[in-house]
Structures are given as C-alpha cells and as structure tokens.
Amino acid sequence: MPVFKGIIASQGVSIAPLIRYIVKTVEDLDITYCEFSTREEIRLDVALEKYIELLSEIKKKAPESERELLEAYELMAQSLVDEAKDIVRSENICSELAVKRVYLKYRDSFRESGSSLIALREADLRSIASSLIKYLMGYTEGGGILDIRDKIIIAEDVTPTDMIKFAKEGVKGVVTLKGGVTSHAAIIARSNDIPYIIIPEIRLDDIKDGEIAVLDALDGLLVVKPGESELEKYMAKLTRFEELKSIIRRNAFIKATTLDNYIVDVLCNIRDLEEARVASSSGCDGVGLFRIEFLYMMKEKAPSEDVLYNTFIKVAEFFRDKVVVIRAPDLGADKPLPYLILKEDNPFLGLRGIRLLLEYREEIFKPFLRAFLRALRVYENLRLLLPMVTTTREVRETVELLNTLIGELRLDNKMLSSIKIGIMVETPAAALMIDKLVETGLIKFVSYGTNDLTQYTLAVDRGNVRVSYLYDELDPALLRLLEISVSKALEKGIEVEVCGEMASKIPAIPVLLGLGIRGLSVNPTQVGLVKYVISKLSVNSVKKELLSRVLSSSNNEESRRSIREYMVSIGLEELKPWL
Ligand code: PEP
Ligand code: MG
C-alpha cells in the first residue's frame, strides 16, 4: 500500500481508480521524418483551425471565469503560428519543426527569467505547441486517454485547459508531479471542487492504470491500493467531509459571530467578473481582494481605461452596498506582462507591485487610477488596495498621483479624502513599519497578504515545490511577525484584514482571531466553512488557552500540534480532517 505525501492544491477526498494522463509534448514528439512541402502555410492554418475548434469546444462548457484564459491561448496559438510561417517561408523547413523552433525560443527565454509563474506560462506554451504539432502530424487530441470520468488523474503536469476538461468530464481528483498551488490549473481545480495534490517524488512508471487509490487532499496523501481497513477509514473520512459540506453550505449566509460575540467580516477573493458573480451569491460580506492582474497578463497590451472602468462598475453592482476592494494591478515577478519584459536577476525582490506601478505610471498606473476614480464616483463601496508597499514614500506618491488625476478629471477635489486607500502588508518591512505607514494618515485599512509575507519572512519561494516543506503560514516566525504588526496596527485604530490563503485555512482562524483580526478574505468556496469555524470559537478562550502556546512554539509542527489539541479540547473533533 504505497503512500505518497504531497502538497494540497485543492481540498477534498476521493476514492477512485487511478489513470495516468500521459501526453506527448513538443519535446518528445518524433518529427525527424518531416519534410518541407509547398503547402506548409496551409497546413499550419488547418492545424490552428483545429486547435481553435478544440478551444471553443472547451469554452462552451467552461465557466465564464476560464474563458479569458482560453482566449489568451487562442492569441498565443495565433502568434506561434505566425512566427512559424515566417520561419517556413525563410528557411523552407516543415511546419512541425518551425513550431518546435518557436516554442524552444520562448522556452529558453522563459527559463532564463527564473520565475515560477513564468514557468507556468511556459507550460501553457508547451501545451499549445504540442497540440499544433500533433494536429500537423495527424494525431487526435487526447491521445487515446478517453475514459477519464470518475477517475483520479495522475500526470506529470496539467495545463489550465486540461483542468477545465477534467472538470467537465467528471474527474474525481488530480495528482501531478509538477505545478504549484497558485497555478491557474490549481485555481480552476479549487473553483470546481476537484481534489488536487502535487507530489514531486512520484514516478508515473510505478502506477498502474485502474489501481484503486485514495486521494486525501485534506492531509495531502495519495494512498495507492489501500487495504480493507484503510479503505474503511477513508470512506468514513469522505462521508464526514460530505456531511460537513452541507453544514458549511447552511452557514454561508449567516453573519460570522464568535461564541463571545465578536463579529468577523468574511470577504471573498476574486479575480474576474465570473468569480465576482459567483462570489456575490456565496454569502460573503463583500470583496476583500479583487486580483485584477488577470486582465493584464497573457494579453498583448494593458486593458484600456474603459475596460477597467466597466469591470469595476459591474463588480460594484454585484455587491451593491457591500465593500469591494480593488487591488491596483500587482504586476511583475510571478505576475509578468508579456509586453513588458523586465530582465531582472531576482524579480521577487525587484520591480513588482507598487514599485512597478510608480515606474510605469503613464502606461499602467494612471489609466487604472482614472478608471477607479470614475467608478468610485458612481459606486461608493469601492476601495483601493496598494500591493507590495514597503515605504511611506510609495503611499505618498500614489496619493499625489490621485490628487493630480482628480484635477485632470475635473472631479470634486474633496474626493481625495473620501477614497478608502489600503495597503497590503506583504513584506517584513511593511509589517514592522506599519505604525509609520498608518501615521501618514493616508490609509484607511491594512490587508495582510500572507502568501507573500510568508515567502519573504521564511525566505521560501511560494511556488517552489522543492522547498515547500518550509512554507507554512503557521510557522511561529510568521505568527510572531503578525503579532507585532497587527497589535501596532490595531493600536493605531486602523481596520485590519487578512487576504492571503491563510485566511481560508482552518487551523489559522483561531490564531488570527486571537491576534485581533476581524476581517478575513477567503476563496468563495470556503465562505461557509470559515464562518462555521468562527461561530464555534471564542476569542477570549483562544487568547487564554492557545495564543501564547502557539507563539512560543519552536517550529510549525509544534504550533500546529497546539492548535489541533486546542480545537479537539473545545469539542471541534469534527474539524480534524482540516487540522
Ligand atoms: C498575498 O501575497 O498574500 C496576496 C494576497 O497576493 P497574491 O497572492 O496575489 O500575491
Ligand atoms: Mg502578494
């Protein structure tokens, strides 16, 4: 009964037969016998047409939120074919080789960037190039793996397109060797409730198709060929998870209140209009983080002011009287722009977030701020969040810019003081200097971006599976930093929220409440569960019984153990699958 431990990319439990999803890619397709003919450009057009047909098939079944991504794929395929045609024309080589040549050119420059997110884009390009070559060679898409319904897929890597296909075809779970929890494929798995874990150590050759396996994406385990008693145990776990799911659904629409009557705002993280629409009926108290970067990434140019304005208006309409926090585009590092290649040795410590916005203010920041101001005139529930702030200067410069734009747009100059500006605390610098940042008097709220704050505090790349065992938001180092920072922020009387993944994690909730956090911005699918957990906790009890134990832990295992023991001691045994 081999058991493999992995990283959870999307929670859930499933028991089903495994199936290997082996897709020949551009790198291992044999194209040695391909010869130039005078019809190469026509062949490329036909392959492109077939690929676009495939995308539109997927698009028909895909949720709105994934359509933009598929459209980006279409554009990437089009550009790839255009470049391949140039090569065919100038060098008289066959289309298959030309496509491969274009792919290799970009692969190498993507690899040089050193960013894990760009590596994911490389995977997208690889999947497009592979499909095109397969069409050129006369293959059909899918390569014989047709019956994936009710199976657990195991693959080297999967693209967002694959994941959308899996969701549509009723796949029970996904295991990959590569990938990251913040990849697009992982986001799609989460929004479709597909349990998904990443296990770098597994070898596809060790797996036999059809073998029964348990995918425990609550504990990050893949149990192959479980024995009878194991199977029974996991059946019970699956049932418990299914039972709790309905309690969770019921809790989604209550106002989250602790046993000792502290009210907590449970907001949603969204990244596009479709998610906004879904989130607006998920029970959350508003949007705590609108990641608008997806409007910029994988596109040929930045969205226009009008596109941005219309998007903000629509989201504000979905939420009406509830707050909607729009983050200024957090570009650079793991969120690169194809039209702005920044050659940096260390992009995570480079021009990203607010730094990039201030540097490229004409092209990116000003159109965004103008769209925001115009939308704010219509909907007062909009708030502005600044990413990756490390200095007070960045806040001051942004406010100056807003002031100039208010003048240019001939808006009421009193408007400036009514803008609810917040900053993301994503670096130890911002966390430690929070009092000074608040003292500028320019910000009205603070949102802890714990995804980045964890990576910068623990010096662990959040997308690197090789060091992911070190990445834990419950590491006492991060909790101590949060304690120092949140208490300073609260002393200054400012509103404090958490919008990183930590806010959605059950063991983190008592700790965050104990630290004084009263706003959690979570994945829309987690709203009910988070509210349910809040309703079972008492802030005073956490402060008395848990907080100091956690903060004085020597490592993450110890802090997690204390939390688990505490949760069980207050009768939350039922939450064990999450702890
Ligand atoms: C964070 O860093 O916690 C955050 C919410 O921002 P992102 O995940 O988009 O970098
Ligand atoms: Mg971040």
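Take the Cα of residue 418, step 7 Å toward its Cβ, do the same at residue 242, and the gap between the two points is 5.3 nm. Taken about its Cα centre, the chain carries a charge dipole of about 1480 debye when Lys and Arg each add +1 at the Cβ and Asp and Glu each add -1 at the Cβ. The label point for residue 491 and the one for residue 299, both projected 7 Å from the Cα toward the Cβ, are 4.3 nm apart. Of the cross-linked pairs 100/168; 100/134; 85/105; 322/420; 172/237; 335/505, those separated by over 18 Å at the C-alpha level are 100/168; 335/505.
Order 504-517, 472-485, 225-238 from most to least packed using the mean count of other Cβ atoms within 10 Å.
Numbers: 504-517: 23.8, 472-485: 20.4, 225-238: 13.9.
Highest-to-lowest ranking by the protection proxy: 504-517, 472-485, 225-238.
Taking label points 7 Å from Cα along the Cα-to-Cβ direction, residue 574 and residue 464 give a separation of 4.2 nm. Once you reduce the range 473-541 and the range 328-357 to the center of their Cα atoms, the two points are 28 Å from each other. Let me have the relative contact order for the chain, percent, based on Cα pairs under 8 Å that are six or more residues apart. Across the chain, relative contact order equals 15 percent. Taking the DSSP beta bridges in the chain as the whole, what percent of them are antiparallel, to the nearest 5? Around 35 percent antiparallel, to the nearest 5.
Each part reduced to its alpha carbon centroid, the range 542-557 and the range 282-305 end up 36 Å apart.
Shown is the FRET efficiency for residue 358 and residue 232, computed with R0 = 51 Å from the Cβ-Cβ distance and rounded to the nearest 0.05: 0.30. One equal scatterer on each Cα of the chain, no solvent, Debye formula: the resulting log10 I(q)/I(0) at q = 0.10, 0.11 Å⁻¹ is -0.89, -1.07. Going by neighbour counts of Cβ atoms within 10 Å, the residues 391, 239 line up, fewest first, as 239, 391. Ranking 125, 388, 438 by Cα position along the charge dipole of the chain, where only Lys, Arg, Asp and Glu carry charges on their C-beta atoms, puts 438 farthest toward the positive end. Global dimensions of the range 2-104 from alpha-carbon coordinates: Rg and Dmax equal 18.4, 54 Å. Rounded to the nearest 20 debye, the dipole size of the range 458-530 about its Cα centre is 20 debye, using +1 on the Cβ of Lys and Arg and -1 on the Cβ of Asp and Glu.
As an exercise, use a Förster radius of 22 Å and the Cβ-Cβ distance of residue 156 and residue 206 to find the FRET efficiency, rounded to the nearest 0.05. Numbers along the way, then the final one.
Numbers: r = 13 Å, r/R0 = 0.61.
It comes to 0.95.
Could you calculate the FRET efficiency of residue 259 with residue 320 from 1/(1 + (r/R0)^6), where r is the beta carbon distance between them and R0 is 35 Å, rounded to 0.05? Let's see the in-between values first.
Values: r = 30 Å, r/R0 = 0.87.
So, using R0 = 35 Å, E works out to roughly 0.70.
The residues packed around residue 533, meaning those with a beta-carbon under 11 Å from its beta-carbon, carry a net charge of +2 if Lys and Arg are +1 and Asp and Glu are -1.
Based on the mean of other Cβ atoms within 10 Å per residue, sort peptides 422-428, 13-19, 86-92 so the most packed one is first. Don't skip to the end; give the middle numbers.
Numbers: 422-428: 25.6, 13-19: 19.9, 86-92: 13.6.
In descending order of packing, they fall as 422-428, 13-19, 86-92.
The order of 82, 124, 147, going from fewest to most other C-beta atoms within 10 Å of their C-beta, is 147, 82, 124.
For residue 565 and residue 22, the difference between the fully extended length at 0.36 nm per residue and the C-alpha to C-alpha distance is 191.2 nm. Taking each DSSP H run with n ≥ 4 as -39500 (n - 2.57) and averaging over every residue of the chain yields -14500 deg cm²/dmol at 222 nm. Using a 4.7 Å Cβ-Cβ cutoff, the cysteines of the chain lacking any partner cysteine are 499.
What is the extension gain from residue 250 to residue 346, computed as 0.36 nm multiplied by their sequence separation minus the C-alpha to C-alpha distance, in nm to one decimal?
This chain segment gains 30.0 nm when fully extended.
Residues 280, 538, 569, 130, arranged from fewest to most other Cβ atoms within 10 angstrom of their Cβ, appear as 569, 538, 280, 130.
Of the peptides 443-455, 405-417, 261-273, the ranking by mean beta-carbon count within 10 Å, highest at the top, reads 443-455, 261-273, 405-417.
Each reported figure results from applying straightforward, stated rules to the coordinates on display, with no laboratory input. Here the structure is a predicted model, which is why all the values come from computation and not from measurement. Positions of Cβ are generated from backbone atoms using ideal geometry, with glycine treated the same way; all protein chains shown enter the neighbour counts.
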